[in-house]
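Q: Following this message is one structure expressed as structure tokens.
What follows draws every value from the coordinates through simple rules; no lab data is involved. Model, not experiment: these values are computed from the prediction. Positions of Cβ are generated from backbone atoms using ideal geometry, with glycine treated the same way; all protein chains shown enter the neighbour counts.
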Amino acid sequence: MRMNVIFMGTPDFALGTLDAIEAAGHQIVLVVSQPDRPKGRGNAMQYPPVKEWALERDIPVFQPERIRKPECIEELRKYPADIFVVAAFGQILPKEILEMPRLGCINVHASLLPKYRGAAPIQWSILNGDDVTGVTIMQMGVGLDDGDILTQVEVPIDAEDTGGSLFDKLAIAGGTLCAETMERLDRGEITPQPQDPKLATHVGMIHKELGKLDFSRPAKELECYIRGLNPWPSAYSKLGGKTLKIWKAKVLSEVSGTPGEIVEVTKDTMVIACGEGGLSLVEVQLEGKKRMPIADFLRGYHVEAREHME
């Protein structure tokens, strides 16, 4: 059955769900997104990706600062919809909105709930060294990611996955699962399953300072941070007083040296000792320079063994 849908979302992650809903033949009657924000060095106002998607298709866009204001709730009532679909919208919906559509409000969440409620579940699954993550479609409640589970799909985390690559995988998986769930929900084929609050874990926002590498920690943990914080905010340290972003590194199990010590330098190798094992840098970016393979970096920047990363 073709449904009328109000979609709420803001960043790139939501586009996979929009594409899947459109491909399934449903009618998106309104897109709700966060307001435009200044971005870049010039602080020019920039449309959220979801707004750009909607404008390309002449779909109305609503951008409230606070969705729970009475006038915002009344604005939504002007667009009769069978279901509201939410994907990375960024605001918690009040009860009046949750009860508005016939099939309620469903959320596309990029983790296997109740694990990783809250912000940045994609990055945290890599930061914590998980082997698998996934997407949950849940019936939204008034709390943060605590609604009943409708469907889930697992997505393996590859050893080379970064925050960016896993983001893309989960965006596609979430869109496919959402479209399937909408149709099954409309046919009455899904029994919502309450989350076990005892199993719930919460994760916070990613901030730039999280990328500062502490070489007293095991190399394996640091390698997870290097991948999980790629492309933003990136993992980094200091070399010779300059910021060195580390985009890719390999874990070495047998490395002797004090944490942060550069224990080996060749024409194409730079190894740093960690609390356990060490990291062989593969791709780096020195402050003010381009991202490059370690061999290219070492050709233009002199590094000696026994120097320390700060």
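Q: What are the pairs, 6+ residues apart or on separate chains, where a residue within the stretch 1-16 that is closer than 25 Å to G188 by Cα has its Cβ under 8 Å from a residue that is surrounded by 22 or more Cβ atoms within 10 Å (Cβ to Cβ) and of a type in the set (S, T, N, Q)?
A: These pairs meet every condition: F7/T17; M8/S33.
Q: Taking the stretch 289-310 as the search range and keeping residues that are free of Cβ contacts under 8 Å to residues at least 12 places away in the same chain and exposed (fewer than 15 other Cβ atoms within 10 Å of the Cβ), which one is nearest to the chain's Cα centre (by Cα)?
A: Among those residues, the one meeting the criterion is K290.
Q: If a residue must be aromatic (F, W, Y) and either free of Cβ contacts under 8 Å to residues at least 24 places away in the same chain or more than 15 Å from E283 (Cα to Cα) (or both), how many such residues does the stretch 196-231 contain?
A: 1
Q: Kindly provide the set of residues from the stretch 113-134 that are assigned to a strand (DSSP E or B) and under 17 Å from V86 (Cβ atoms), ordered by number.
A: R117, G118
Q: Against the conditions (1) free of Cβ contacts under 8 Å to residues at least 60 places away in the same chain; (2) under 19 Å from the mean Cα position of the chain (by Cα); (3) assigned to a loop (DSSP other than H, G, I, E, B), where does E160 fall short? Just the number, please.
A: (1)
Q: Still on this structure, I have one more. Residue by residue through the stretch 269-288, note down the ones that are hydrophobic (A, V, I, L, M, F, W, C), buried (at least 24 other Cβ atoms within 10 Å of the Cβ) and farther than 19 Å from G240 by Cβ.
A: Once the filter is applied, which keeps residues that are hydrophobic (A, V, I, L, M, F, W, C), buried (at least 24 other Cβ atoms within 10 Å of the Cβ) and farther than 19 Å from G240 by Cβ, the stretch 269-288 yields only C274.
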